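Everything on this sheet refers to the single structure shown next.
FYI, it's all coordinate maths here, none of it is from the lab. Owing to the predicted nature of the structure, the values given are computational and were not obtained by experimental measurement. A quick note on method: Cβ atoms are made from the backbone with ideal geometry, for glycine too, and the neighbour counts reach across all protein chains shown.
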């Protein structure tokens, strides 16, 4: 996970902390606290592959995505895109966004309701490329057609489209600059089940056609299993497990991952209950997390060392990384 060869994206000890005032007292005398939304994440995404970042709500998935996309400034760590460091202004945002684009969860929020479809897709082309107006229109139409929509939609407004069509427009806008990496933040969660399947198939087809790399943010284990090659599991701002998606789903090794996988509904009763792990308690506070391993207050395997030392993410077998002092107990 430290080698840039073949990696389109790599983060090193990436952090994003937010300052928050204590309680409702907004006076200058109120105590300032820190929300550790992302607290030291090192992650690599191979070229042409999909890495799913999964975890329950509030674990830091979306904050991680927005920090990588430079929509919020990192508090620490490093971000490399195609081997070039992009945080800290070392590479212009114009160059970054030609290579990296993002598809957001809610197309109604990500599309300007007063802007026609064609203008929404053309905007990044105009800002990030040196194309003429004629070339921009041609590229925008090609992007529309790539997501299964005709040129007839070019002059329509978002309110004239269905939810699935709006998300197709959002995808068309993201691929218009032919990026290397797409960050997909819950791209199907706001859609009906039948439309979700269509968008997922579209994303698979686009990845093959354009050799795209995906970073998929999702809490839906089934979506991660369908779309992803690798899976990264987040808990309370940290990665606790990383490896091939099929391996992580069939044989999770971190106690939290086991619970997360078991909580997903599976239609085959013979494939349920991979391991009986009794998890109690609540997700820890991002302002005042537990010492040592953040999962230790809920972990049935926890011992004294777990409350004192935060275990590093270590490779237990080729390609499988787990952050746990007693990972052998889940073998």
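Structural remarks
- Between 0 and 90°, nearest 10: helix 133-146 axis offset from the chain longest Cα axis: 60 degrees
- Cα gyration tensor, the range 52-122 - rounded (a/c under 1.5), prolate or oblate: oblate
- For the range 35-80, the square roots of the Cα gyration tensor eigenvalues, ordered a ≥ b ≥ c, give a/c of at least 1.5 with a/b no greater than b/c, which places it in the oblate category.
- Most fluctuating residue given options 171, 204, 103, as computed from a GNM of the chain linking Cα atoms under 10 Å: 204
- The mean of 1/r over all pairs of different alpha-carbon atoms in the range 71-227, once inverted, gives a Kirkwood hydrodynamic radius of 16.2 Å.
- When each of 104, 154, 295 is scored by the number of other beta-carbon atoms lying within 10 Å, the sequence from fewest to most is 154, 104, 295.
- Nearest 10 degrees, 0 to 90: helix 193-210 Cα axis against the chain principal axis: 80 degrees
- Kirkwood estimate for the chain, i.e. one over the average of 1/r between Cα atoms, Å: 21.1 Å
- For the peptides 235-243, 79-87, 34-42, the ranking by packing is 235-243, 34-42, 79-87, with the highest mean count of neighbouring Cβ atoms within 10 Å listed first.
- Degrees separating the helix 163-175 axis from the principal Cα axis of the chain, which is the longest one: 90 degrees
- DSSP bridge pairs, the chain: antiparallel proportion in percent, nearest 5: 60 percent
- Working ranking of peptides 185-192, 92-99 by packing, defined as the average number of other Cβ atoms within 10 Å per residue, highest first, is 185-192, 92-99.
- Shape of the range 173-249, Cα gyration tensor, a/c cut at 1.5: prolate
- Computed from the alpha carbon atoms alone, the convex hull of the range 198-331 holds 131 Å³ per residue.
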